Structures are given as C-alpha cells and as structure tokens.
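**Student:** Would you mind keeping the following structure in view while I ask a few things?
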Amino acid sequence: MREREDGNNGVFVVFEGIDGAGTTTQADRYGSFLRGRRRLAHVTREPSGGPMGSLLRLVLTQRVNLPSRHRDATMALLFAADRLDHIEAEVAPHLRDGYVVISDRYELSSIIYQSIGLEDEGARADMIAWIRHANRHALKPDVTVVVDVDPEVAAQRRRARGGASELFEEPELQARLARAYLRADEIIGGDRLVHVDGNGDVDTVTDAIIRALEPYVGEGP
Ligand SMILES: Nc1ncnc2c1ncn2[C@@H]1O[C@H](COP(=O)(O)OP(=O)(O)O)[C@@H](O)[C@H]1O
Ligand SMILES: Cc1cn([C@H]2C[C@H](O)[C@@H](COP(=O)(O)OP(=O)(O)O)O2)c(=O)[nH]c1=O
C-alpha cells in the first residue's frame, strides 16, 4: 500500500473496452479475486449511480434526447461532470480508506467515444485535447486496463446478454471503437496503460488481467 502525494493510500484501476468486451464481468471478477487475497476492493462504474450518471443512462437508452448539433460535446461535458461527482462521492473516499477502487470505464471512454464521430484527423485531435481539458480535475488512474476484443465477438456477447441495444451499439461504430482502443497508447501517451486480449474464455481473460495488474496492485495486503 502506498502513501500518495494526494493523501490517497489505495490503488485506482480502470477497465476499458468496447460494448460487450466483458469489462463489467472482469471488473467484478478482479474485485472478487482481490477480496479472496484479503485486500479491500471496491468495484464501481461510469456512468455512475449519481444524479448525472442517472441522466446519462436515460440518454444511452434513448429515453432522453440531446440536441443533435453538438451531441458529442454535450455528452463529453455530462460525462466529465458525472466523473467529478463520482470521484468525490465514491472513488476518493474509498482510496483514502486504502481500497483498490476498480472502475468499469473512466476518462478513456470519453476520449474515445466522444471523438469517434469525427472523420477528420485534425478535428478529432482537437476534440480529444478539449475532452482532456474538460477532465483535467479528474484524478488520474494508477493504471488503465484495455480489454481488447474483436467487434464480432463483442457483438455476439451483447446478443447473448440480451436487453435493448444502447446508443453506441452499431456494428460499424463498434469496429471503429475497437480500432481506437487498440491505439489508445498513442492517444493517452504518458498515462499507465496495459492491454489484455479479451477474446478468450472468462477464466483465461481473468488470469491475464491478474498477471497484467500484479506490478501495479500487488497481491498481498
Ligand atoms: N470472456 C468471455 N467469454 C464469453 N462471454 C463473456 C466473456 N466475458 C463476458 N461475457 C459475457 O458477455 C456479455 C457481456 O459482458 P459484459 O461484462 O456485460 O460486457 P461489457 O461490460 O464490456 O459491456 C455478458 O453476458 C457476459 O456474461
Ligand atoms: C464513461 C463513458 C461511457 N460512455 C459510453 C460507453 C458505453 O456505450 C456506455 C456505457 O454503457 P454501459 O451500459 O455501461 O455499457 P457496457 O456495460 O456495455 O460497457 O456509455 C461514453 O460514451 N463516454 C464515457 O465517458
């Protein structure tokens, strides 16, 4: 356990990937693995369960519609606001208490999803810089795990999971998102990021995640 400059003792881990990559499954399993090793672990997700996160869930399920002209920017601002609320209400208090906090999605989702609609490289780079600026007060994760999965595999898993499809769940868009996640290091160079192949069965992926995170989280209390 480390005493960080910001007074947090815990470790902040983020799981990222396209829809159906298995991040929810793997975040839960990693939390259970840590608890089995007698570590304090708290699993959470974005959009959060707070007021802005609840509004975002209504947008994602298309029960609330945002103005179409600046939808990406509006979404990025809502996600950034939800993130600050999530940190203050849930992430930071657990880190202060020494927990490993595992968030299913965080800033990288905003960077990738809210810029993917821009075809022009320059316009996309500008948008990413603006999103990062909007998130400048958000605590940096100690490590982000990107669970890379072929879009066809993820689509199959979403079908098996069932439920209504959400805002971003179109095959062509998901394929572009998968390519963007593979290149995440180029986008957020400097931040600690590890890639794990998420195409295997659940246990194989969990084992790979445990190995990849060991240098950052450790195994013992
Ligand atoms: N490695 C895996 N192999 C097969 N099915 C998986 C795997 N990981 C997750 N699933 C299943 O795929 C569906 C989507 O997984 P989920 O964890 O909800 O994905 P995400 O949170 O990334 O959208 C769920 O029904 C889950 O049980
Ligand atoms: C946190 C975050 C999520 N999202 C999107 C990604 C997902 O499509 C959706 C989260 O929905 P969720 O139901 O959690 O999807 P999944 O379990 O499949 O990951 O919100 C953004 O576009 N920007 C963000 O900053």
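The values are calculated or read from the model by the stated rules, or taken from the named source; none is laboratory data. This structure is a prediction, so every number in the text was calculated from the model and none was measured. Every residue, glycine as well, gets a Cβ built from its backbone with ideal geometry; the counts of neighbours run over all protein chains shown. Only protein heavy atoms, including side chains, enter the accessible area calculation; ligands, DNA and RNA are left aside. Shrake-Rupley method; radii C 1.70, N 1.55, O 1.52, S 1.80 Å.
**Student:** Yes or no: V101 within 16 Å of ligand 1 (Cβ to nearest atom) and at pLDDT 95 or above?
**Tutor:** No.
**Student:** Taking the condition within 16 Å of ligand 2 (Cβ to nearest atom) and either over 25 Å from T206 (Cβ atoms) or open to solvent by less than 20 Å² (accessible area, probe 1.4 Å) (or both), does E16 pass?
**Tutor:** When the stated conditions are applied, E16 passes them.
**Student:** Could you grab me the full set of residues in segment 142-152 that are in contact (Cβ under 8 Å) with a residue 60 or more places away in the chain and away from ligand 2 (no atom under 12 Å from the Cβ)? Steps first, answer last, please.
**Tutor:** Step one: list which residues in segment 142-152 are in contact (Cβ under 8 Å) with a residue 60 or more places away in the chain, which gives 142-149, 151.
Selection gives D142, V143, T144, V145, V146, D148, P151.
**Student:** Still on this structure, please answer the following. With the requirement that a residue be open to solvent by less than 80 Å² (accessible area, probe 1.4 Å), within 16 Å of ligand 2 (Cβ to nearest atom) and not in a loop (DSSP other than H, G, I, E, B), what does segment 167-192 give you?
**Tutor:** L173, Q174, A175, R176, L177, A178, A180, Y181, A184, I187
**Student:** Now for a separate question. Considering only segment 193-204, state which residues are over 30 Å from G117 (Cβ atoms) and part of a loop (DSSP other than H, G, I, E, B).
**Tutor:** The answer is G200, D201.
**Student:** Right, next: Starting from residues that are more than 8 Å from ligand 2 (Cβ to nearest atom) and of a type outside the set (A, V, I, L, M, F, W, C), keep the ones in segment 99-119 and report whichever is farthest from the chain's Cα centre (by Cα).
**Tutor:** That would be E119.
**Student:** Considering only residues that are over 15 Å from the mean Cα position of the chain (by Cα) and modelled with pLDDT of 95 or more, look in segment 2-13 and name the one that is farthest from V205 (Cα to Cα).
**Tutor:** Here the residue is G10.
**Student:** State which residue pairs qualify: first residue among the small types (G, A, S) and inside segment 62-89, second residue assigned to a loop (DSSP other than H, G, I, E, B) and more than 16 Å from ligand 1 (Cβ to nearest atom) in any location, beta carbons under 9 Å apart, and separation of 6 or more residues or different chains.
**Tutor:** A73/Q114; A76/Q114; A76/S115; A76/N135; A80/N135; A80/H137; A80/A138; A89/G50
**Student:** Say we look at segment 193-204 and pick out the residues that are free of Cβ contacts under 8 Å to residues at least 60 places away in the same chain and farther than 16 Å from Y181 by Cβ; which of these is surrounded by the most Cβ atoms within 10 Å (Cβ to Cβ)?
**Tutor:** Taking the candidates together, the pick is G200.
**Student:** Another question, if that's okay. Among residues belonging to segment 30-48 that are more than 15 Å from ligand 1 (Cβ to nearest atom) and free of Cβ contacts under 8 Å to residues at least 40 places away in the same chain, point out the one that is least open to solvent (accessible area, probe 1.4 Å).
**Tutor:** Only one residue tops the list, namely G36.
**Student:** Answer with yes or no whether D207 is without any contact (Cβ under 8 Å) to a residue 24 or more places away in the chain, within 16 Å of the chain's Cα centre (by Cα) and outside any loop (DSSP other than H, G, I, E, B).
**Tutor:** no
**Student:** Among the residues of segment 49-98, what is the count of those that are β-branched (V, I, T), more than 15 Å from the chain's Cα centre (by Cα) and more than 16 Å from ligand 1 (Cβ to nearest atom)? It would help to see each step written out before you state the result.
**Tutor:** Going residue by residue through segment 49-98, those that are β-branched (V, I, T) are 59, 61, 64, 74, 87, 91.
Filter again for more than 15 Å from the chain's Cα centre (by Cα), leaving 59, 61, 64, 74.
Now narrow it down to the ones that are more than 16 Å from ligand 1 (Cβ to nearest atom): 59, 64, 74.
So the answer is 3.
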